[in-house]
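Have a look at the structure below before the remarks.
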Amino acid sequence: MSETGGPEHDYEPVPGLPARLPEGEYILWQGAPSSAAVSRRVLKTRWIAVYFAVLVAWNITAGLYDGRQPSEILFSSGALAILSTIGMSLLEAFAWGVQKTTLYTITNKRIVMRIGVALSATFNLPFTRIVSADMREGKNGVGDIALTLAPGDRLSWLVFWPHVRGFRKGALMPQMICLKDVAIAANVLSAALSGSRTVESAARATSPSPKQTGRTSAGRLIEAAE
């Protein structure tokens with residue numbers, strides 16, 4: 001896996017890619033997260049909005065119970081509402097930033113993830129390093145595709161968040177998040193991984209001196225309803 005930094009997306013020779021693809025490699029699919037889905041699924045804004053609403057209701061109830069003046073209750077509740085609105089606006093702005101700065105690319109040889117709202121970075125995930133891919137699809141067709149990488153890659157949670165699912169056997173799982181029609185991307189990736197494994201197996205079979213690399217060559221795509 002390799003990383004290429006660079007905040008200037010305008011200088012990308014191909015959108016989402018740090019350099020032009022080498023001969024024989026081509027783009028199969030490109031996509032970005034849905035800002036609305038990032039807001040709801042990743043940042044949990046609905047739950048946060050409920051929490052703020054409860055705070056305002058509690059402030060009003062406590063004020064009435066304590067016998068405070070209506071003007072005092074109105075002022076304190078208004079201040080809470082304003083602060084809550086600012087907080088929610090910041091979360092929505094971050095979700096919008098994730099959509100605008102993220103671009104996932106699937107080629108016939110790798111996955112390229114251009115991520116980062118404040119600090120942009122591009123990560124190349126060759127199929128030879130991908131052990132498996134796991135799709136989770138919601139009722140509205142929006143979902144995620146998490147990637148399990150072969151041992152040896154050390155990735156930072158802070159750098160990849162929110163494009164992560166968690167850890168598997170101590171290894172971070174990068175994730176393409178909140179994709180509309182995630183099944184389309186999953187089918188493309190499944191076919192590409194299968195084709196890559198077939199080519200890899202054929203190359204090993206025809207090699208005059210095959211060597212054991214110790215890498216896992218099995219690739220699978222598991223579809224699990226969320």
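Derivation of every value follows stated rules applied to the coordinates shown; laboratory data play no part. In this text the structure is predicted, and so the values were computed from the model without any measurement. A quick note on method: Cβ atoms are made from the backbone with ideal geometry, for glycine too, and the neighbour counts reach across all protein chains shown.
Taking the Cβ of S84 as the centre, find all other residues whose Cβ is under 15 Å away and add up their charges (Lys, Arg: +1; Asp, Glu: -1).
Numbers: positive: K44, R46; negative: E92.
So the environment of S84 carries a net charge of +1.
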Hey, what did the range 73-160 get for relative contact order, percent, Cα under 8 Å, at least 6 apart?
16 percent
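Quote the relative contact order of the range 22-112 in percent (integer), defining contacts as alpha-carbon pairs under 8 Å separated by 6+ residues. Before the final figure, lay out the partial values.
Numbers: 76 pairs, mean separation 50.9, N = 91.
Over the range 22-112, the number comes to 56 percent.
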3J(HN,Hα) from dihedral phi, the range 126-133, Karplus parametrisation 6.51/-1.76/1.60, rounded to Hz, x for glycine, proline:
x, 4, 5, 9, 9, 7, 7, 10
What's the whole-number percent of alpha carbon pairs in the range 41-154 lying beyond 23 angstrom?
55 percent
Summed over the other residues with a beta carbon less than 12 angstrom from that of A36, with K and R at +1 and D and E at -1, the charge totals +3
Given charges at Cβ of Lys, Arg, Asp, Glu: the range 55-172 dipole, positive-most of L158, G141, T128
T128
Whole angstrom only: what separates the Cα centroid of the range 128-156 from the Cα centroid of the range 29-97?
32 Å
Nearest 20 debye, what's the magnitude of the dipole of the range 46-167 about its Cα centre given +1 on Lys and Arg Cβ and -1 on Asp and Glu Cβ?
580 debye
The summed charge of the R110 Cβ neighbourhood (under 12 Å; Lys/Arg +1, Asp/Glu -1) stands at +1
